[in-house]
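Q: Input: one structure, supplied below.
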Amino acid sequence: MRALVIDYSQPLAASSVELDQLDPKSRQIIEAARQCFADLGFEETTMVQIAEGAGVGVATVYRRFGTKAAIVRYALMAEGLRVSTILLDAMERSSGPVSGLAEMFAAFVEEASRPHLLTRSLRHSSAAGEMVDFMSDDTFLSRGRAMVAHYIKYWQDRGELGDFDAEVVAEIFVRLEMSFITNPRGVIPLRDGDSARAFAHQFLSPLLFPHLRPRTTPADGR
C-alpha cells in the first residue's frame, strides 16, 4: 500500500504533450520503434521490423516518419515518459522526502543499468547526435525539474521541508541523472540500486535541508 499519493498529472502531461499530438497509429509506431531500438540497437533495427512491431505496413512507417532518424526524438520522449513513471512510482512508495528521493534515485540507477536501455543503444550509434540534442534540450531539463520540484513542494506544504527554492534542488538531481545517462563512467559508487540508495542518503539528502549541517539531516522513516 502506498504511503502517499501525489497528483503528478501536470508534470506527466507536460512530458507527453508532443506524443499526445500524434495520432494513435503513429504512437503505435513510435512505441514499436522504441522497443526495437532498445532490444536490437539503432543500426540493427530495420523499418520493416518497426512496422511488424507496430502491426502496420512498412509503407505506413515511411509515409509518417520517412527515416529511422526521424523517429528517434519521439522514441526518446516515449522512453523518458516510461522511466518517469517508474521513478514516480518509487517516490510514491516512500514514507518521507528523503526516502522518496533516495528511492527515486535508486530506481533511476537500476533502470539506467539495464542492458537494453534505449539511451545506451543509441549512445554509440549514428543516432547519438539526436540523443545528445534531446538530452541537452532545455525542454527535457525543465520537465524533469518540474517533476522533482512538484514532489519537493508537496513535502514543503506538509511542513516537513523548509522554505527553499525547490526548483534549484530539483535541477541538481535532474542534472546528475542526465550526466549519468550520457556518461555512466566515473568514481561515484553507483553499481546497483542499493549503492545508489546509500549514495543518495549520504550525499544528496542534505540538499533537502540547506539550512542544516549535512550530518544533522533529520531521519524520515529510513
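The values are calculated or read from the model by the stated rules, or taken from the named source; none is laboratory data. The structure displayed is predicted, hence computed values, not measured ones. Note that each Cβ is placed from the backbone with ideal geometry, even for glycine, and that neighbours are counted across all protein chains shown. Note: accessible area is taken over every heavy atom of the protein model, side chains too, but ligands, DNA and RNA are not part of it. Shrake-Rupley method; radii C 1.70, N 1.55, O 1.52, S 1.80 Å.
Q: Which is the longest run of the chain containing none of the GluC sites (Glu not before Pro) found in DSSP loop states (not H, G, I, E, B) with at most 15 other C-beta atoms within 10 Å?
A: By the stated rule (loop sites, at most 15 other Cβ atoms within 10 Å), 45-159.
Q: If you compute semi-axes √(5λ) of the Cα gyration tensor in Å for the structure shown, which of (1) 26, 24, 15; (2) 24, 20, 18; (3) 35, 18, 14 do you land on?
A: Checking each listed value against the structure points to (3).
Q: Which residue, ALA90, ALA78, ALA59, has the most motion in a Gaussian network model of the chain that connects Cα atoms within less than 10 Å?
A: Result for the chain, Cα springs under 10 Å: ALA59 fluctuates most.
Q: Now for a different question. Let me know the shape class of segment 63-129, please: from the alpha-carbon gyration tensor, a ≥ b ≥ c as square roots of the eigenvalues, rounded when a/c is under 1.5, otherwise prolate if a/b is greater than b/c, or oblate.
A: prolate
Q: When all protein chains stay in place, what accessible area (Å², nearest 10, 1.4 Å probe) is found for PHE203?
A: 120 Å²
Q: With a point put 7 Å past each Cα toward its Cβ, work out how far VAL132 is from LYS153 in nm, to one decimal.
A: The modelled label-to-label distance comes out at 3.4 nm.
Q: Can you give the accessible area of LEU207, probe radius 1.4 Å, in Å² rounded to 10?
A: Using a 1.4 Å probe on the heavy atoms, I get roughly 50 Å².
Q: So, one more: Classify segment 138-210 as rounded, prolate or oblate, taking a ≥ b ≥ c as the square roots of the eigenvalues of its Cα gyration tensor: rounded when a/c is under 1.5, otherwise prolate if a/b is larger than b/c and oblate if not.
A: In terms of gyration-tensor shape, oblate.
Q: Still on this structure, please answer the following. Which value, in Å² and to the nearest 10, is the accessible area of LEU176 when all protein chains are kept and the probe is 1.4 Å?
A: Rounded to the nearest 10, the figure is 40 Å².
Q: Quantify, in whole percent, the carbon and sulfur part of the accessible surface of the chain (1.4 Å probe; protein heavy atoms only).
A: That fraction is 53 percent.
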